[in-house]
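Chemist: Here it is, the structure in full.
The values are calculated or read from the model by the stated rules, or taken from the named source; none is laboratory data. If you're wondering where the values come from, they're calculated on a predicted model, not measured in any experiment. A quick note on method: Cβ atoms are made from the backbone with ideal geometry, for glycine too, and the neighbour counts reach across all protein chains shown.
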Amino acid sequence: MPDSVRRRVVAALTTPFAVRLAVIALLGLAVRVVYVLVVAADRPLFGDALSYHLWAEQIADGKGMVAVTHEQVGVVVDQPTPTAELAPLFPHLLGLIAWLGATTVAAQKVVMACVGAITVVLLGLAGREAAGERVGLLAAGIAAVYPFLWLPDGSLMSETLYGIGLALLLFAGFRLGRGPTVGLAVAYGALVGLAGLTRGEALLLGPLVLVPIVWNMGDDLAGRLRVLAAGGVAAVLVLAPWTIRNLAEFAEPVLIANNANAVFAGANCPSVYEGRWLGLWTLECNIPAPPGDESERAVALRQRGIDHVRDNFDRLPVVVAARFGRAWELYHPIDQANYEVLEGRPREASLVGLAFYYPLVGLAAVGVWRVRRDRRLLVPTVAPIVVVCIVAVVVYGVTRFRFTAEPALIVLGALGIDHLVRRRGGHVPVPDPAPASH
C-alpha cells in the first residue's frame, strides 16, 4: 500500500468519530456475545433456523443447498435434491463458516454475534450520512443495545445478515438522495438484489426508494429513466444466477424462494382467522402436503390459501387488522413474545425488547417530523416501514417480519433525539431538501 494511501486510511480510522464509533461497536459486540453465551447458546433450533444449520453442513461438504431431513416438521429426505425453500445468501454464509470450522450451533451463534456487530458500525455511518456525526453516534449507540437487532444473532436466523444489507441500503439511499447518478443507482440496485437474496421482501425497497428519489431529479425524463434502468438492471444481474438455477431445477418458476408461495396456506386457514392466533401462521394448515416437486407443492399451498381467502372474504378485514397490529406490537404484544419462542427468541428477551421498542417508535416519529420536508432522508427511512406494512397485510403479522424497518427506526430515533436536544438548546435547523440533479 502506498504511503499516501496508508496515511489517509490511518487518519480516517483515528478521527474522534471513528474512535467513538469503534468503542460503541465493541459495546454492541459485547452485548451480543454475552447474550449468545449466557442465554442463547444452548437453546434448541426451531423451524427455519434448524434448516439453515442443516443446509450449512451440506454446503460446507460441497453438496450445495439441497433438501434435508427436518424431523420437526415431519420431512424425511432419502435422496437429497436441490432446494430453494428459503433465500440462499444466509445459508451459504453459514456454510462458509462451517467450512472454516464453526460446525456446532453454539459456535455459529457466536460468529453471528460478531457479524451482527457490523450492523452497529454501518448504522453509525448511515446516521452520519443522514445528518452528521452526532446522529451517527446516536444511531450506533441505539443499535448496540436494541434487543430486536441482536435477538436474531442468538436464533441463527437470516436477519443477522439482513441487518447489514438494510444498513447499507440506508447509507446508499441517503447518498443517492444527494444527487442520483447512474453509478449510485447501480450500487443501490445491487444492494437490493443482495438483500433480496437474504429476505425476499427487500426487493420492494428498489422501487419504493429509487422511483420517488429519481423522479425528483428534474425535467430530464431520459436521464431519470436511465438512472432507474441502471438500478433495475443491477438488481436483476445480482438475482439472475440464483433465479436461473431455480428455473432449471424446478417445474414452476421460482424467483428466490418457494417459501414465499407456501406461506399462504399457513397464513390463511381457520385457526388463524379467529381465536387466540388470529393474524398469525400455523404449520397445521400446510398438512397434508400436496404432491409434486418443491415448487409445485408451494404453488398448490398458495392456491389452498387463496381459496380460503375467497371462501372467508368477510373475515379478511379483521384478519388484516390483526396482522398489522401484531407486526407493530399494537395487538396482543405479550402473545407475540410467546409466539416468538418458536423463532428461537426467549420470551423474557422479547419482553425486554418491547421496553426498548415503544420509546424508539416515539423518537422515530419525532425523527419523521424533523425530516418531513427532506425527501433525501424521508424516502429511504420510510420505505422500509411501508415494506413491513405490506408484508403484514399480505402475508401475516409477526415481530420478526418487522426487522426490515428496525434499522430505519433506529436512524429515525437518532434523528428524533438530535432534534429534541437541539430544540432544548434553542436551535432547530430544518434540513433543506437535496438539490435536484440535472
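Chemist: When you look at D293, is it more than 30 Å from A143 (Cα to Cα), free of Cβ contacts under 8 Å to residues at least 24 places away in the same chain, out of contact with any helix residue (DSSP H, G or I) (no Cβ under 8 Å at 6 or more places or on another chain) and surrounded by fewer than 19 Cβ atoms within 10 Å (Cβ to Cβ), yes or no?
Modeler: no
Chemist: Taking into account only those residues within region 258-283 that are polar (S, T, N, Q) and either part of a helix (DSSP H, G or I) or on the phi > 0 side of the Ramachandran plot (or both), which is nearest to the chain's Cα centre (by Cα)?
Modeler: The extreme case among them is N259.
Chemist: Separate question: Which number in (1) modelled with pLDDT under 90; (2) over 18 Å from the mean Cα position of the chain (by Cα); (3) closer than 24 Å to F46 by Cβ marks the one condition that G397 misses?
Modeler: That leaves (2) as the condition not met.
Chemist: Let me ask another. Output the helices (runs of 4 or more DSSP H) that fall wholly within region 99-150 and possess 1 or more residues being β-branched (V, I, T) and within 12 Å of I410 (Cα to Cα), or say none.
Modeler: 105-131, 133-145
Every residue, every condition in (1) within 19 Å of P270 (Cα to Cα); (2) in a helix (DSSP H, G or I), yes or no:
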position: C285; (1), (2): yes, yes
position: P288; (1), (2): yes, no
position: L301; (1), (2): yes, yes
position: A321; (1), (2): yes, yes
position: A337; (1), (2): no, yes
position: S350; (1), (2): no, yes
position: A364; (1), (2): no, yes
position: R372; (1), (2): no, no
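Chemist: Same structure again: Here is a check on your reading of the model: is L151 buried (at least 24 other Cβ atoms within 10 Å of the Cβ), closer than 29 Å to L50 by Cβ and at pLDDT below 95?
Modeler: Answer is yes for this residue.
Chemist: Also: When you look at V388, is it surrounded by fewer than 20 Cβ atoms within 10 Å (Cβ to Cβ) and not hydroxyl-bearing (S, T, Y), yes or no?
Modeler: The answer is no for V388.
Chemist: For the subset of region 25-60 comprising residues that are farther than 15 Å from L149 by Cβ, assigned to a helix (DSSP H, G or I) and of a type in the set (F, W, Y), which member is farthest from the chain's Cα centre (by Cα)?
Modeler: W55
Chemist: Further, regarding this structure: Of all residues being hydrophobic (A, V, I, L, M, F, W, C) and either without any contact (Cβ under 8 Å) to a residue 12 or more places away in the chain or outside any helix (DSSP H, G or I) (or both) in region 154-185, which is surrounded by the fewest Cβ atoms within 10 Å (Cβ to Cβ)? Just the residue, please.
Modeler: Of everything passing the filter in region 154-185, M157 is surrounded by the fewest Cβ atoms within 10 Å (Cβ to Cβ).
Chemist: Evaluate the following for V227: is it over 18 Å from A260 (Cα atoms) and either free of Cβ contacts under 8 Å to residues at least 60 places away in the same chain or crowded, with 23+ Cβ neighbours inside 10 Å (or both)?
Modeler: yes
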